[in-house]
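K.L.:
I'd like to ask some things about the structure below.
The values are calculated or read from the model by the stated rules, or taken from the named source; none is laboratory data. These numbers come from a predicted model, not from an experiment. FYI the Cβ positions are ideal-geometry reconstructions off the backbone, even for glycines, and counts take in every protein chain you see. Note: areas computed on protein heavy atoms with side chains; ligands, DNA, RNA excluded. Shrake-Rupley method; radii C 1.70, N 1.55, O 1.52, S 1.80 Å.
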Amino acid sequence: NAPTSHVALVPNNKDIVVYEAAGDDCTQWKALHTLSNHDQKVLGVHWDPNTNRILSCSEDRTAYVWEFSNGKWDPKVVHLGSAINRAVLCCSWSPDGTRFAVGTGAKLVCVCYFEEEHNWWVGKAIKHHQSSITALAWHPMHSGLLATCSTDQHVRLFSAYLKEMDKGENFGKFGTLLREIPAKAWVRDCKWSPDGAVLAFVAHDATLTTVDITDDYRTETVKTRLLPFNSIAFPTTTTIIAACNDCFLYAFTKSGTSWTLSGKLRSDAGVEKKTSSVSLARAKFQLEANMGQATAVDKLESKHQNVISELQVKQAGDDWVVSSSGYDGQIYLWRPKDV
């Protein structure tokens with residue numbers, strides 16, 4: 001939430017649990033509320049700092065907006081339409097909190113806004129995708145500009161202009177495809193720089209691509225010899241943090257006009273064995289595939305002991321703070337000194 005005293009997380013099931021920090025150092029947390037309205041596993045949660053609303057989406061093809069009132073969280077129905085016949089895979093509030101977008105397995109993105117007359121949230125569909133939508137990124141300065149990632153190996157920019165509420169800059173009629181940027185593999189995640197000048201995305205071929213929309217959409221791709229990246233964070237205009245499938249975080253930095261892989265974020269896990277984390281991760285996967293278990297694999301050298309699922313910028317700027325959460329049930333905070 002906005003004061004960063006609470007966090008909403010999904011314990012890999014159909015519930016959302018809201019925790020409160022029990023101390024100033026954020027090392028201890030107390031469970032306060034369990035939000036249980038979805039019928040199947042929740043796939044995305046986003047807490048809007050402007051309105052204190054929680055947005056959730058699920059495999060059950062639904063999305064809910066949760067509002068806190070009289071000491072409890074009440075869900076409001078989101079009408080996505082009959083065309084959404086697959087799971088809702090991701091969700092994101094716009095910067096001003098007036099609308100949100102959800103990405104689905106039905107090759108559609110729905111941009112939703114609140115209808116006062118009917119007291120519900122209603123969605124308008126954006127097409128043009130050839131496969132599932134994996135991630136969404138609103139422009140930090142304009143709630144009428146939306147970036148989407150897809151397993152059809154493309155990143156797209158759309159106009160999310162809503163005449164019902166938008167004034168000022170107009171990016172065209174709602175749903176207009178403004179730009180289509182090809183990749184060479186599934187696109188896993190995308191994020192805007194804090195100033196909104198650069199859009200970055202990571203694909204399943206272990207690459208990071210940046211697109212400078214202020215320089216005629218100049219595109220640069222950084223290739224790595226790592227495992228694929230799952231999520232990225234953009235805490236400063238010259239720093240990108242990426243979560244890799246080897247359970248480590250990596251930093252990319254900008255020098256001049258070029259981006260480079262500058263290093264790995266340090267780990268205090270204290271594992272003495274010299275086997276690389278990439279080798280351990282591959283060995284664990286092989287053992288699980290062959291034997292259904294991974295007991296023969298030592299503890300990974302990384303802080304996270306399972307795949308990192310999401311990165312979030314907790315604080316932008318030179319003293320940035322990025323949070324990471326993973327399938328090991330852990331949340332860590334990272335700072336510039338960790339690079």
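K.L.:
Collect residues whose amide H, placed 1.01 Å from N in the peptide plane, falls under 5 Å from the amide H of L178; neighbours closer than 5 in sequence don't count.
P.N.:
Amide H neighbours of L178, under 5 Å, 5+ apart: L157, F158, S159.
K.L.:
Report, by chain and number, residues whose modeled amide H sits under 5 Å from the one on H79, excluding near sequence neighbours (fewer than 5 apart, same chain).
P.N.:
Distant-sequence amide H within range of H79: W121, V122, G123.
K.L.:
Further question: Could you go through the range 30-43 in sequence order and give the Karplus-derived ³J(HN,Hα) for each residue, using 6.51 cos²θ - 1.76 cosθ + 1.60 with θ = phi - 60°, rounded to whole Hz, and x for Gly and Pro?
P.N.:
Computed from phi, the couplings for the range 30-43 are 10, 6, 10, 9, 10, 9, 10, 10, 7, 8, 9, 4, 7, 10 Hz.
K.L.:
How many times 2.2 N^0.38 Å is the alpha carbon radius of gyration of the range 54-160?
P.N.:
1.04
K.L.:
Extension gain A22-K173, at 0.36 nm per residue separation less the Cα-Cα distance, in nm?
P.N.:
Length gained, A22 through K173: 49.6 nm.
K.L.:
How much length would be gained if the chain were fully extended between S255 and Q312, taking 0.36 nm per residue of separation minus their Cα-Cα distance, in nm to one decimal?
P.N.:
Stretched fully, the S255-Q312 segment lengthens by 18.2 nm.
K.L.:
Here are some pairs, K127/K264; K76/K127; K184/K299; K223/K314; K72/K127; K41/K124; which of them have Cα atoms lying more than 30 Å apart in this structure?
P.N.:
Too far apart for the 30 Å limit: K127/K264; K184/K299; K72/K127.
K.L.:
Next question, about the same structure. I need to check one value: relative contact order of the chain, counting alpha carbon pairs closer than 8 Å and at least 6 residues apart, in percent.
P.N.:
This gives 7 percent for the chain.
K.L.:
To continue, here is another question. Ordered by residue, what ³J(HN,Hα) values in Hz, to whole numbers, does the range 252-258 give under the Karplus form 6.51 cos²θ - 1.76 cosθ + 1.60, where θ = phi - 60° and Gly and Pro are x?
P.N.:
10, 10, 9, 10, x, 10, 10
K.L.:
May I ask for the Kirkwood hydrodynamic radius of the chain, worked out over all distinct Cα pairs and given in angstroms to one decimal?
P.N.:
Here the Kirkwood hydrodynamic radius works out to 20.8 Å.
K.L.:
Highest mean first, what order results for 48-54, 234-240, 193-199 on Cβ atoms within 10 Å?
P.N.:
Answer by packing, highest mean first, reads 234-240, 193-199, 48-54.
K.L.:
If you don't mind, another one. Explain nothing, just compute: Karplus ³J(HN,Hα) = 6.51 cos²θ - 1.76 cosθ + 1.60, θ = phi - 60°, for every residue of the range 152-161 in order, whole Hz, x for Gly and Pro.
P.N.:
Per-residue couplings from phi come out as 8, 6, 9, 10, 10, 10, 10, 7, 10, 5 Hz.
K.L.:
Turning to a different aspect of this structure: Treat each spin label as a single point 7 Å out from the Cα along the C-beta direction, and report the K72 to Q130 distance in nm.
P.N.:
Label-label distance for K72 and Q130, simple model: 4.9 nm.
K.L.:
Evaluate the distance, in nm, between pseudo-label points positioned 7 Å from the Cα of K163 and of V122 along their respective Cα→Cβ axes.
P.N.:
1.4
K.L.:
So, in Å, what gap is there between the alpha-carbon centers of the range 206-231 and the range 300-339?
P.N.:
Distance between centres, Cα-based: 20 Å.
K.L.:
Continuing with this model, one more query. Determine the order of C91, C190 by accessible area, beginning with the largest, at a probe radius of 1.4 Å.
P.N.:
C91, C190
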